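Taking it in order: structure first as C-alpha cells, then the write-up.
The values are calculated or read from the model by the stated rules, or taken from the named source; none is laboratory data. Remember, it's a predicted structure, so these values are computed and weren't measured experimentally. Here Cβ is always computed from backbone atoms with ideal geometry, including for glycine, and neighbour counts include all displayed protein chains.
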Amino acid sequence: MFLDGLVPAPSWLNSGDTAWQLIAATLVGIMSVPGLAILYAGLIKRKWALNSSLMVLYAFAITLLVWTLWSYNMSFGSSAKLAGLDVIGIPWPVNFADSEIGQATIPLLTNNGLLPPLRFPLSAMVYFQFVFAAITVIILGGSLLGRINFKAWMLFVPLWMTLVYPVGAFLIWGGGWLAQQGAVDYSGGYVIHVAAGISGVVAAAVVGPRLLKDRLENNPSNLLMAVAGGGLLWLGWNGFNGGDPYFANADAAAAVLNTNLATATALLSWMLLDVFMTGKSNVAGMINGMIAGLVAITPAAGFVNGFAAIAIGAAGAVIPWITMQYLPRVKFFAKIDDTLGVMHTHLFPGAIGGLMVGLLADPHMIVYPGSGATPASAVTGLFYGNPHQFVVQLGALAVVVVYDAIATFIVINIVRIFVPLRMPDKHLEIGDEMVHGDVSLDLGTPRIGVEPPSVPVTHTEPAVPVPS
C-alpha cells in the first residue's frame, strides 16, 4: 500500500544488502578519489604531482561513462558467444529506467543456479562494479607517471576499458569460460590487480622511460600526503572486499577482518625486511608493504580463514620485497620504467593471492544462513583435499596475463597512431606548469610563461605639510 505518497519497495529488495552495496561502492570510490590521487601526488616528484592527480580524476570520470554505456554489459551481461565460448558480454547501455530500478542479476550465474537472486537494484550493482573498473585503469596509470602524454591517456583509458578489462571481468566474474572451469577471484586479485600490473608493465615498455635524471632523482614530493592516501586505501579496502559477497552477511564480515589481518602482517613483514636488510625502515616501503598485503588478500578474502589470511599477507609482502630489490638489476627489467612499481605491488601480490586460494581455500567459510551446512559450490583448496582448485587458479592466471599483455600492447599502439605517447622533452623538463599551466603548490617562484601581475603605483599626499 502507499503511505504518504511513498512507493513501497519491491518484494525482492533487501534494504540491508542495498545499503551495504552502496556504502561499499563509495568506500572503493574513495580509494581512487581522493585516495590514489593524493597517494600518487605524494610519491611522485613535485613537478608531476598535479599531472598524476589529474590522470586519476580523468580516468574516474571517463570510465563511468564508458561503463554505463557499454562496458558493464560486456562484463556482466548476456554472453556474446565467441567461437562457442563465453568470453565477453554483449555491449549495451544500462542507463534506461527499467535497468536502473530493476533487480540486479548476472545472467550466466543466475540462470545456471550458481548465484542466488540478488536483493538490490541493478543501479547499485553497476555503480559497485564501476568503481572496481575505474581503480584498475588508475592503478595501471601508476606505471606511466612522469612521461605519458595526457592526450594519449585520454584515448588510452576508454579504449582499455572497452577492449581489455571487460574480458577478464566476464571470464571470471560474469560466469564466463574461466568461471565455468572453476576459477575464482573473490574481489579482483586477477581481474583488477594482475590485469593492471601486466598492462602497466607492457604500456610502460612501449611508452619508454622517464628522463634519466627523473629516474635517478625520484624524491617523493610529500610523504605525509602519501600516508594519507595510503590510509584511505587501507580503510577503503573494507568496501573493496567486504562488498563482494553481494550480501550483507557473515562472509562479508569475515572478508573485512581477513583483509585487515593480511594487510597488517604484510606491512610489518615489509618493514622488518627493510630494517634487517637495509638498516632502516622508510615510509614508502611501509606503504608498499601495506598495498601488497591488500592486493594479496583480495582474491582470497572470503574464501580463507584468519590463519590463512596471515600467511597470505606474509607471502604477499616477502616475495614482492625481493622482486623489488633484485629484478631491476636484471637487464630486461631494468629497461622498463615502472614509475611506482605496479609490477611489484599489484601484479605479483595479486598472482600470489590467487594461487594461494588454490592451496588455502576453506570450504567452511561459506555456509547456508541459519543451517551451518556448507554448499556444494564452496571453494576448497589443496590443503582441504582439492588439488584441482590450484590447477584452475594457475590456468586462470596464465589466461589473464597473456590476454591482457597482448590486448594492452594493441591498445597502446592504436593510441600511438593518433597522438604521441610521450610528452615533448620540454614538457618533461618542466612538468606540470608546461602541461597544465598550473602547479600543485605555489611557492611564490616565477611561473613558466606567466607574466607577473602589474601593481599600480599610487601617490598620496603627506598627512603633515612639509615646510618649504
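For Thr345, all conditions in the list (1) closer than 21 Å to Met277 by Cα; (2) in a loop (DSSP other than H, G, I, E, B) hold save one; what is the number of the exception?
(2)
Filter the range 54-81 for residues that are polar (S, T, N, Q) and buried (at least 24 other Cβ atoms within 10 Å of the Cβ) and give the result.
Thr63, Ser71, Asn73, Ser75
Only one of these conditions is not met by Phe409: (1) more than 29 Å from Ala205 (Cβ to Cβ); (2) of a type outside the set (Lys, Arg); (3) surrounded by fewer than 17 Cβ atoms within 10 Å (Cβ to Cβ); (4) within 23 Å of the chain's Cα centre (by Cα). Which number is it?
It fails just one condition, (1).
Tell me, yes or no, whether the range 200-208 has at least one residue that is closer than 29 Å to Asp425 by Cβ, modelled with pLDDT of 95 or more and outside any helix (DSSP H, G or I).
Kept after step one, since they are closer than 29 Å to Asp425 by Cβ, are these residues of the range 200-208: 200-208.
Those left that are additionally modelled with pLDDT of 95 or more: 200-208.
Imposing the further condition that a residue be outside any helix (DSSP H, G or I) reduces the set to 208.
Scanning the range 200-208 turns up at least one residue that is closer than 29 Å to Asp425 by Cβ, modelled with pLDDT of 95 or more and outside any helix (DSSP H, G or I).
When you go through Met356, Met434, Met423 one by one, which is the residue that is in contact with a strand residue (DSSP E or B) (Cβ under 8 Å, 6 or more places away or on another chain) and either of a type outside the set (Ser, Thr, Tyr) or modelled with pLDDT of 95 or more (or both)? Talk me through it step by step, then tell me what you get.
On the way: Met356 fails: in contact with a strand residue (DSSP E or B) (Cβ under 8 Å, 6 or more places away or on another chain); Met434 fails: in contact with a strand residue (DSSP E or B) (Cβ under 8 Å, 6 or more places away or on another chain).
The unique qualifying residue is Met423.
Would you check if Val94 is under 24 Å from the mean Cα position of the chain (by Cα), closer than 16 Å to Ile172 by Cβ and part of a loop (DSSP other than H, G, I, E, B)?
Working: under 24 Å from the mean Cα position of the chain (by Cα): yes; closer than 16 Å to Ile172 by Cβ: no; part of a loop (DSSP other than H, G, I, E, B): yes.
No; evaluated as a whole, the condition is false for this residue.
Quick test for you: out of Ile319, Ile287, Ile291, pick the one residue that is β-branched (Val, Ile, Thr) and out of contact with any Leu (no Cβ under 9 Å at 6 or more places or on another chain). Even if it seems obvious, please write down each step before you answer.
Details: Ile287 fails: out of contact with any Leu (no Cβ under 9 Å at 6 or more places or on another chain); Ile291 fails: out of contact with any Leu (no Cβ under 9 Å at 6 or more places or on another chain).
Ile319 is the lone residue from the list that is β-branched (Val, Ile, Thr) and out of contact with any Leu (no Cβ under 9 Å at 6 or more places or on another chain).
Output the residue which, of all residues in the range 359-407 that are within 16 Å of Ala183 (Cβ to Cβ) and assigned to a loop (DSSP other than H, G, I, E, B), is modelled with the lowest pLDDT. So that I can check it myself, show each step before the final result.
Filtering the range 359-407 down to residues within 16 Å of Ala183 (Cβ to Cβ) leaves 359-361, 377-382, 386-404.
Now restrict to residues that are assigned to a loop (DSSP other than H, G, I, E, B): 361, 377-381, 386-387.
Values: Ala361: 97, Ser377: 70, Ala378: 85, Val379: 93, Thr380: 94, Gly381: 96, Asn386: 96, Pro387: 97.
Among those residues, the one meeting the criterion is Ser377.
Return the pairs, sorted by first residue and then second, in which the second residue is at pLDDT 95 or above and among the hydroxyl-bearing types (Ser, Thr, Tyr), the first residue lies in the range 223-241 and is closer than 11 Å to Ile38 by Cα, the beta carbons are less than 9 Å apart, and the residues are 6+ apart or on different chains.
Listed pairs, sorted by first residue: Ala226/Tyr40; Gly229/Tyr40.
Restricting attention to the range 250-270, and to residues there that are modelled with pLDDT of 95 or more and surrounded by fewer than 18 Cβ atoms within 10 Å (Cβ to Cβ), which single residue is nearest to Pro320 (Cα to Cα)?
Among them, the one singled out is Leu268.
Is one or more of the residues making up the range 293-314 touching a residue at least 24 places away in the same chain (Cβ under 8 Å), over 21 Å from Asp244 (Cα atoms) and surrounded by 23 or more Cβ atoms within 10 Å (Cβ to Cβ)?
Applying the first criterion (touching a residue at least 24 places away in the same chain (Cβ under 8 Å)) to the range 293-314 yields 293-306, 308-314.
Of the ones still in play, those that are also over 21 Å from Asp244 (Cα atoms) are 311, 314.
This time we only want the ones that are surrounded by 23 or more Cβ atoms within 10 Å (Cβ to Cβ), so: none.
Within the range 293-314, none of the residues are touching a residue at least 24 places away in the same chain (Cβ under 8 Å), over 21 Å from Asp244 (Cα atoms) and surrounded by 23 or more Cβ atoms within 10 Å (Cβ to Cβ).
I want to confirm something. Restricting to the range 192-249 and keeping residues that are more than 25 Å from Leu261 (Cβ to Cβ), in contact with a helix residue (DSSP H, G or I) (Cβ under 6 Å, 6 or more places away or on another chain) and among the β-branched types (Val, Ile, Thr), which single residue is surrounded by the fewest Cβ atoms within 10 Å (Cβ to Cβ)?
Here the residue is Val206.
Could you tell me whether any residue of the range 66-87 is aliphatic (A, V, I, L, M), touching a helix residue (DSSP H, G or I) at 6+ places or on another chain (Cβ under 7 Å) and more than 25 Å from Ala152 (Cα to Cα)? Show your work before the answer.
So the first thing to find is which residues in the range 66-87 are aliphatic (A, V, I, L, M), and the list is 66, 69, 74, 80, 82-83, 85, 87.
Then keep just the ones that are touching a helix residue (DSSP H, G or I) at 6+ places or on another chain (Cβ under 7 Å); that gives 66, 74, 85, 87.
Of the ones still in play, those that are also more than 25 Å from Ala152 (Cα to Cα) are 85, 87.
Yes, the conditions are met somewhere in the range 66-87.
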